[in-house]
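Report on the following structure.
The values are calculated or read from the model by the stated rules, or taken from the named source; none is laboratory data. No experiment lies behind these values; they were computed from the predicted model shown. Here the Cβ positions follow ideal geometry from the backbone for every residue, glycine too, while neighbour counts run over all protein chains shown. Heads up: the accessible areas ignore ligands, DNA and RNA and are worked out on the full protein's heavy atoms, side chains in. Shrake-Rupley method; radii C 1.70, N 1.55, O 1.52, S 1.80 Å.
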Amino acid sequence: VQLVESGGGLVQPGGSLRLSCAASGRTFSSYIMGWFRQAPGKGRDFVAAIGWSGRDTYYTDSVKGRFTISRDNAKNTVSLQMNSLKPEDTAVYFCGARRTWAFSRRSDEYDYWGQGTQVTVSS
């Protein structure tokens with residue numbers, strides 16, 4: 001599976017961005033998909049994940065109510081709608097795919113990664 005993220009950029013505090021991740025391969029619908037982020041000098045932290053059907057979603061506490069993860073299995077895409085952005089959301093955002101039915105917040109339990117897209121929240 002190859003993953004390609006897009007949609008990052010510079011936005012003012014309180015603004016919105018929508019990240020997208022396009023996946024190759026015919027088994028996309030069987031993967032848990034997740035978004036992680038990595039700020040300079042820090043590890044890759046869990047942001048959100050979504051189950052194969054799109055019905056089950058998981059978020060880290062700091063983004064609940066602001067971010068929404070979704071997927072379109074027909075188009076092999078997963079998206080992250082980010083609203084009410086804060087400077088502390090600044091990071092490189094990565095899309096990950098996990099070859100199992102089980103949800104995980106651990107980056108080392110994801111099997112495939114995209115190259116990342118920069119999100120900068122600043123006035």
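Scanning the range 40-56 for residues that are of a type in the set (A, V, I, L, M, F, W, C) and modelled with pLDDT of 95 or more, which turns out farthest from Y93 (Cα to Cα)? Before the answer, list the steps.
Step one: list which residues in the range 40-56 are of a type in the set (A, V, I, L, M, F, W, C), which gives 46-50, 52.
Those left that are additionally modelled with pLDDT of 95 or more: 46-50.
On the way: F46: 10, V47: 9, A48: 11, A49: 13, I50: 16 Å.
Looking at the filtered set, the residue picked out is I50.
Out of the strands (runs of 3 or more DSSP E) lying entirely within the range 33-96, which hold 1 or more residues that are of a type in the set (S, T, N, Q) and surrounded by 13 or more Cβ atoms within 10 Å (Cβ to Cβ)?
57-59, 67-72, 77-82
One line per residue, one yes/no per condition, for (1) over 16 Å from Q38 (Cβ atoms); (2) in contact (Cβ under 8 Å) with a residue 12 or more places away in the chain; (3) out of contact with any Ser or Thr (no Cβ under 6 Å at 6 or more places or on another chain); (4) not hydroxyl-bearing (S, T, Y):
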| site | (1), (2), (3), (4) |
| --- | --- |
| N76 | yes, yes, yes, yes |
| Q81 | yes, yes, no, yes |
| S84 | yes, yes, yes, no |
| T90 | no, yes, no, no |
| Y93 | no, yes, no, no |
| F103 | yes, yes, yes, yes |
| G114 | no, yes, yes, yes |
| V121 | no, yes, no, yes |
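So, of the residues in the range 13-31 that are part of a strand (DSSP E or B) and open to solvent by less than 10 Å² (accessible area, probe 1.4 Å), which turns out to be nearest to E109 (Cα to Cα)? Give the steps one after another, and end with the answer.
The first filter runs over the range 13-31 and keeps only residues part of a strand (DSSP E or B), leaving 17-23.
Adding the requirement that they be open to solvent by less than 10 Å² (accessible area, probe 1.4 Å) leaves 19, 21.
Numbers: L19: 22, C21: 18 Å.
Checked the range 13-31; the qualifying residue nearest to E109 (Cα to Cα) is C21.
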